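Worksheet: one structure, shown below.
The values are calculated or read from the model by the stated rules, or taken from the named source; none is laboratory data. Everything quoted here is computed from the prediction, not taken from an experiment. For neighbour counting, all protein chains shown are included, and Cβ atoms are generated from backbone atoms with ideal geometry for every residue, glycine included.
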Amino acid sequence: MCRHTRCCPRLIPFAQQARMFQTSWQTYDHYGYAVIAVAGTFAAVAALHWLVQRSRWASWARSLNGVAPPFINIIGVLFALTLAFLGNDTWSAHDRAMRSVYREAEALRSIAVLSQTLPALLQERLRAALVGYASASVDEWQLLARRAESSTVVERADALLILLASSEIEKTAGANVQALLLRKISEIRDERDQRVALSQTHVNPLKWLGMAFLGLLTLLSIAVVHVDRARAALVSVILFALAAAPTAAIVLVQGNPFQYPTDVTPAPIEAAVAGLHSR
């Protein structure tokens, strides 16, 4: 270990800092990509303006004058479609996460209602198990934001499944009610697995690299079309950058449905827990 560690215990070895950075990047990579998208776009604008108007290749660039403006549409449409597909992937993941939470909460309420057919003691045990699972699920939300999961939720889901599959439930509620209860606990487990999987989805670098390449080509085509008019070229590429970069960043920051700014909340499950406590 470095000799400076003895005199300054707060110093963290470089390898540990690198691991911490890697962990943080894996958790919040979509925020980093959003910053890169905005900074990279305006850096490309500055680089293109210098290349076309001020560099030693400026005279050669001006010789490209005559490119028809409709040429921009071809690359621009490809860029727009790629960004639209990426946005659809992100927003559909958010919608799936929200549906999973609502279905999980509804299944919890259904089991609570069906528990009314059970004797008082067994009904109390089942409701306690439901409250325990729902409370653990709500507590798991902080882990979902860090792309992790809670083993406590799995244990309590298993305990709930074992209880519902017991012979006591079959004898007191009947086979039909037990089958319905088992179907509901299976839905709870499936929906919980779905939200965990969605929380661990990462940005696909290849898809965004393709979108960035098309964006760069669009910037280049705009600059070439206006190559003989420096001010018009600069205004045009800046306007495109102001439209494209924030839009891409907005899509990127929503990469995890359980993180700010459009995080899915556990409110439906919390409502189910409140309903169980009030019974």
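Does THR172 satisfy the condition of being of a type in the set (Ser, Thr, Tyr), farther than 17 Å from LEU130 by Cα and in a helix (DSSP H, G or I)? Give the steps one after another, and end with the answer.
Working: of a type in the set (Ser, Thr, Tyr): yes; farther than 17 Å from LEU130 by Cα: yes; in a helix (DSSP H, G or I): yes.
For THR172, the condition - of a type in the set (Ser, Thr, Tyr), farther than 17 Å from LEU130 by Cα and in a helix (DSSP H, G or I) - is met.
For GLN194, the criteria (1) among the polar types (S, T, N, Q); (2) modelled with pLDDT under 90; (3) buried (at least 16 other Cβ atoms within 10 Å of the Cβ) hold in every case but one, which is (2).
Select from the stretch 200-220 the residues that are of a type outside the set (A, V, I, L, M) and assigned to a helix (DSSP H, G or I) and list them in ascending order.
First, pick out the residues of the stretch 200-220 that are of a type outside the set (A, V, I, L, M): 200-202, 204-205, 207-208, 210, 213, 215, 218.
Correct list: PRO205, LYS207, TRP208, GLY210, PHE213, GLY215, THR218.
Would you check if there is a residue in the stretch 165-173 being closer than 30 Å to TRP50 by Cβ, surrounded by 13 or more Cβ atoms within 10 Å (Cβ to Cβ) and not β-branched (Val, Ile, Thr)? Checked against the condition, which is being closer than 30 Å to TRP50 by Cβ, surrounded by 13 or more Cβ atoms within 10 Å (Cβ to Cβ) and not β-branched (Val, Ile, Thr), the stretch 165-173 yields no hits at all.
I'd like to know if the stretch 221-234 contains one or more residues that are charged (D, E, K, R), without any contact (Cβ under 8 Å) to a residue 60 or more places away in the chain, surrounded by fewer than 17 Cβ atoms within 10 Å (Cβ to Cβ) and part of a helix (DSSP H, G or I).
Initial filter on the stretch 221-234 (charged (D, E, K, R)): 228-229, 231.
Narrowing further to those that are without any contact (Cβ under 8 Å) to a residue 60 or more places away in the chain: 229, 231.
Pick out the ones that are also surrounded by fewer than 17 Cβ atoms within 10 Å (Cβ to Cβ) and you get 229, 231.
Filter once more, so that each one left must be part of a helix (DSSP H, G or I): 231.
The answer is yes; a qualifying residue exists.
Counting the residues of the stretch 137-158 that are at pLDDT below 90 and more than 17 Å from THR265 (Cα to Cα) gives 0. In the stretch 235-258, the qualifying residues are those that are crowded, with 23+ Cβ neighbours inside 10 Å and among the β-branched types (Val, Ile, Thr), and the one that is nearest to GLY32 (Cα to Cα) is VAL251.
Here LEU164 passes the criteria (1) touching a helix residue (DSSP H, G or I) at 6+ places or on another chain (Cβ under 7 Å); (2) closer than 25 Å to GLY32 by Cα except the one numbered (2). Taking the stretch 1-68 and the helices (runs of 4 or more DSSP H) fully enclosed by it, the elements with 1 or more residues that are modelled with pLDDT under 70 and exposed (fewer than 12 other Cβ atoms within 10 Å of the Cβ) are at 4-7, 14-53.
Criterion applied to ILE185, ILE162 was being modelled with pLDDT of 90 or more and farther than 28 Å from ASP95 by Cβ, and the one residue passing it is ILE162. Among the residues of the stretch 132-145, the one identified as of a type in the set (D, E, K, R) and surrounded by 17 or more Cβ atoms within 10 Å (Cβ to Cβ) is GLU140. The listed residues are ARG109, ARG147, ARG127, and the only one of them that is outside any helix (DSSP H, G or I) and not hydroxyl-bearing (Ser, Thr, Tyr) turns out to be ARG147.
Residue by residue, here is whether (1) in contact with a strand residue (DSSP E or B) (Cβ under 6 Å, 6 or more places away or on another chain); (2) over 30 Å from TYR28 (Cβ atoms); (3) not acidic (Asp, Glu) holds:
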| residue | (1), (2), (3) |
| --- | --- |
| LEU122 | no, yes, yes |
| ARG156 | no, no, yes |
| LEU181 | no, yes, yes |
| GLU187 | no, yes, no |
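Among residues of the stretch 262-275 being modelled with pLDDT under 85 and surrounded by fewer than 18 Cβ atoms within 10 Å (Cβ to Cβ), the one that is farthest from the chain's Cα centre (by Cα) is GLY275. Residues of the stretch 145-164 that are free of Cβ contacts under 8 Å to residues at least 24 places away in the same chain and among the charged types (D, E, K, R): GLU155, ASP158. Summed over the stretch 100-131, the residues that are under 30 Å from VAL251 (Cα atoms) and exposed (fewer than 14 other Cβ atoms within 10 Å of the Cβ) give a count of 0.
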